[in-house]
Every structure is written in structure tokens, then in C-alpha cells.
1. Need pairs with beta-carbon distance below 6 Å; first residue over 24 Å from residue 67 (Cβ atoms) and touching a residue at least 40 places away in the same chain (Cβ under 8 Å) and within the range 16-45, second of a type in the set (A, V, I, L, M) and part of a helix (DSSP H, G or I); sequence gap 6+ or separate chains.
2. Please find, among 193, 205, the residue that is touching a residue at least 24 places away in the same chain (Cβ under 8 Å), outside any strand (DSSP E or B) and under 18 Å from residue 6 (Cα atoms).
3. So, in the range 10-57, of the ones that are among the charged types (D, E, K, R) and within 14 Å of residue 230 (Cα to Cα), which residue ends up modelled with the lowest pLDDT?
4. For residues that are over 17 Å from residue 113 (Cβ atoms) and touching a strand residue (DSSP E or B) at 6+ places or on another chain (Cβ under 9 Å), scanning just the range 1-17, find the one that is surrounded by the fewest Cβ atoms within 10 Å (Cβ to Cβ).
5. Among the residues in the range 168-177, are any under 18 Å from the mean Cα position of the chain (by Cα), among the basic types (Lys, Arg) and closer than 24 Å to residue 248 by Cα?
6. For the range 90-113, which positions are surrounded by fewer than 18 Cβ atoms within 10 Å (Cβ to Cβ) and either closer than 12 Å to residue 36 by Cα or in contact with a Cys (Cβ under 8 Å, 6 or more places away or on another chain) (or both)?
7. Only one residue in 147, 184 is at pLDDT 95 or above, on the phi > 0 side of the Ramachandran plot and out of contact with any Cys (no Cβ under 9 Å at 6 or more places or on another chain). Which one?
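The values are calculated or read from the model by the stated rules, or taken from the named source; none is laboratory data. Predicted model only: the values in this text are computed from it and were never measured. With ideal geometry, Cβ positions are generated from the backbone for all residues, glycine too; neighbour counts draw on all protein chains shown.
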Amino acid sequence: MTTIDLNSDMGEYESEEFLTLEAQLMPLITSVNIACGVHAGNPTLMSRTARLASHNSTAIGAHPGFPDAQDFGRGERRASSEEIESLVTRQLKTLTDVLALDHLTVTHVKLHGALYNLAARDQTIADAVARAVTSFNRHLLLYALAGSVLVECGKKVGLTVVQEAFADRAYRSDGSLVSRSEPGALLKNERQVRRQLREILSGYVTGIEGHRITLHADSLCIHADTPQGVEFVRLVRNEIESAGISIAPVSIAK
């Protein structure tokens, strides 16, 4: 590993606290995933977040999820391939149209919450997501949980797939993330984050059951709504740079 991307999910909250937090966080990351108005967000917030990203030369991505604002898109639901494909396409179009008003463009797609986790393990859902992205713009990068089903489905249709790991989320021994509804799903102190980051940079992560999981990471995610998020990103940057690894957005496939 010589280069790695740092990404964060934003445009999900309108409070002054979060607007300030995102302004602090944006210069520290290289890619941002903007909510598309379904699980969270709205056109005004999309535009504001995208302008902030552009000002900081941060790559702009779409962050589509299930239409479930009450549960913040974190509750799984049954959906057909056609429904998933339509859901992702509509959200990509929404963000693209908003960005066009400021002459900005989408470079990548990263799913949100339950849709992200479902596509990571369900081939039918992953295929539908890959088809939606390819049909909309085959040059978009597709972010996917490292080693997941979505990685293979994206590659199969010719997309450039960015394999993603999490410095602030606990893993299971099968490579999936521990559900946020369970204790210990979020890593909440610098010692935990530093330990997991060093593992990821070494090509593996340890699940909560104690087993090592081999993984390759092109990008690291730090959540903006994680307690101490800004401090964690600074820690992550210092650790990466100390390891002699460059921090930069992933190149767009042509």
C-alpha cells in the first residue's frame, strides 16, 4: 500500500453543531459521500456540502440509502432488484442535478446504512446496485466493504471498485461490520482506533470473536457523527503518514 483515500459521510444533519463539525472535517479527508435526500439530506444541504467539498478539493460522491428517514436508513427492508436499481438511480440523479447548478460533478457512489450492509452480502442486491451505477455513469467509482459480494459484482460489470475499511467500526469474523444496535459497534477511544488502523494498514483486521480477517483497503472511512470524529481523523492521518503512505482520493476510471 502506497496511497490511501480518507472518506466521510456528510450532508445528513442540519444542526449548527454538525455544520461546524463538517467544516472542520472536510479539509482532513479526500472524499465525501453526500446524502441524497432519502434517508437524510435535502437539496440545500447537498449544495452546501458539495460547495464545501469543492473549496477543499475533496472528491464528491453520492450516498444513497433506503427511504427511511425515521430510522436514518439503518433498518433493513425487503426490496426487489428492480426497486433497488430504481432507488439508487433516482438518488444519483437527484444529487447530480443539484451539483450541476454549481457546475460540480459526482465522482463516486457509496451506499448508506442498511443498504450498504445488504449489498455487501446479498448478490442479488449487489448486482442491482452495480447495474444502477453502470447504467447511470460507468465512470463512477463504486465504494464497497472490503472483501464483500459488492466488490465482485462491481468488478464484474466493469466498474472501478474502491474497497473500503473502517477505522471506527468493529468487525465480525466474516468481515461484516457489527450492527450499530449492538454494544461495541463503534470504537470510541483513540487506543482502539489506532490499534485497528495499524491492523488495516498491515492488511487485516481482528473481529470481535478474536479471528483475523485478511482485507485490502483502498479507502478508510471515519464517520462524521462518531464522537471525537475530528480528533480521530487527525490521529488516522498522523498514523498513515508515519507509515510512509500518501493520502489522496482514488483516481477516477476512464
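1. Pairs found: 24/230; 25/230; 28/233.
2. Numbers: 205 fails: outside any strand (DSSP E or B).
When all the criteria are applied, what remains is 193.
3. Applying the first criterion (among the charged types (D, E, K, R)) to the range 10-57 yields 12, 14, 16-17, 22, 48, 51.
Remaining after also requiring within 14 Å of residue 230 (Cα to Cα): 17, 22.
Working: 17: 84, 22: 91.
Per the criteria, the residue is 17.
4. So in the range 1-17, the residues over 17 Å from residue 113 (Cβ atoms) come out as 1-6, 14-17.
Next cut, touching a strand residue (DSSP E or B) at 6+ places or on another chain (Cβ under 9 Å) only: 2-6.
Working: 2: 7, 3: 14, 4: 21, 5: 23, 6: 23.
Within the range 1-17, the match that is surrounded by the fewest Cβ atoms within 10 Å (Cβ to Cβ) is 2.
5. To start, the set of residues in the range 168-177 that are under 18 Å from the mean Cα position of the chain (by Cα) comprises 168-171, 175-177.
Add one more test, that the residue is among the basic types (Lys, Arg), and what stays is 169.
Narrowing the set further to residues that are closer than 24 Å to residue 248 by Cα leaves 169.
Checked the range 168-177: at least one residue is under 18 Å from the mean Cα position of the chain (by Cα), among the basic types (Lys, Arg) and closer than 24 Å to residue 248 by Cα.
6. The answer is 90, 93, 96, 97.
7. Values: 184 fails: at pLDDT 95 or above.
Result: 147 is the single residue among 147, 184 that is at pLDDT 95 or above, on the phi > 0 side of the Ramachandran plot and out of contact with any Cys (no Cβ under 9 Å at 6 or more places or on another chain).
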